[in-house]
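Peer 1: Below is a structure I'd like to ask you about.
Coordinate-derived values only; no laboratory data. Note that the structure is predicted; figures quoted are calculated from it, not measured. Here Cβ is always computed from backbone atoms with ideal geometry, including for glycine, and neighbour counts include all displayed protein chains.
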Amino acid sequence: MSLIICTNCGEHHYTTELTCPHCNYIKSSDIQRSTHRSSIAILLGLSLVGCGDKGNDTSPQLDTATQSLYGVPMVDNDLDDWGEFDGDCDDNDPNTYPGAAENDSVEECMKDADGDGYGDDTPTNANVDAGTDCDDTDATRHPNATETAGDGIDSNCNGNDDD
């Protein structure tokens, strides 16, 4: 099915719909629509670029309505609000997605199993970027942790316990 842009409200809808589902505007004749086909294609392409902007999307209900309206459901196996086509590099691990390790990178796809904001430095999935957390099972061990001398634990991941 093809999408067109309503000439009244500017929203997308299917070509098979006689009226716009957003504003109930009755579509123009086929002759007029074919005249504007080039500009519609350009507008449609530019408009869809912004549809998946995670930074401004705070309403899961809007996402669900949009996906079902256009027939493209988001698949999110691990329920971390990131799907395979959104950039989730491991859709079977809810601790792995772009920005999971915000202290390392807000954009790269890393695993942060202990929730300390630092990504696992030895991820087992080839699609996951390495972070700087030397022990991703312990939230007290990361590059900015305070080191306690002589306790036998390398808390700040620098390779020694002398700090």
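Peer 1: At a Förster distance of 25 Å, what's the computed FRET efficiency of N160 paired with A139, Cβ-Cβ distance as r, to 0.05?
Peer 2: Working: r = 21 Å, r/R0 = 0.83.
Between N160 and A139 the formula returns 0.75.
Peer 1: Apply the Karplus curve 6.51 cos²θ - 1.76 cosθ + 1.60, θ = phi - 60°, to the phi angles in segment 119-125 and return the couplings in whole Hz, x for Gly and Pro.
Peer 2: My calculation for segment 119-125 gives x, 4, 7, 9, x, 8, 8 Hz in order.
Peer 1: Is there a quick way to get the dipole size of segment 74-147? I mean about its Cα centre, with the Cβ of Lys and Arg at +1 and of Asp and Glu at -1; what is the value in debye to the nearest 20? Spell out each step's value before the answer.
Peer 2: Values: 2 positive and 25 negative charges, 28 e Å.
Computed charge dipole of segment 74-147: roughly 140 debye.
Peer 1: Report the FRET efficiency, 1/(1 + (r/R0)^6), for C23 and T124, where r is their Cβ-Cβ distance and R0 is 30 Å, rounded to 0.05. Can you show the working numbers first?
Peer 2: Values: r = 51 Å, r/R0 = 1.69.
After rounding, the FRET efficiency stands at 0.05.
Peer 1: Something else: Quick one: what are the phi-derived ³J(HN,Hα) couplings along segment 88-98, Karplus 6.51/-1.76/1.60 with θ = phi - 60°, whole Hz, x for glycine and proline?
Peer 2: In residue order, the calculated couplings are 5, 7, 8, 7, 10, 10, x, 9, 10, 5, x Hz.
Peer 1: With θ taken as phi - 60° and the coefficients 6.51, -1.76 and 1.60, list the Karplus ³J(HN,Hα) couplings across segment 10-18 in order, rounded to whole Hz; mark glycine and proline as x.
Peer 2: x, 8, 7, 7, 6, 5, 7, 7, 6
Peer 1: Here's a follow-up. Name the shape class, rounded, prolate or oblate, that the alpha-carbon gyration tensor gives for segment 117-156, where a ≥ b ≥ c are the square roots of its eigenvalues, rounded holds for a/c under 1.5, and otherwise prolate holds if a/b is larger than b/c and oblate otherwise. The partial results should precede the final answer.
Peer 2: Working: a/c = 3.36, a/b = 2.59, b/c = 1.30.
It is prolate, given that a/c is not under 1.5 and a/b is the larger ratio.
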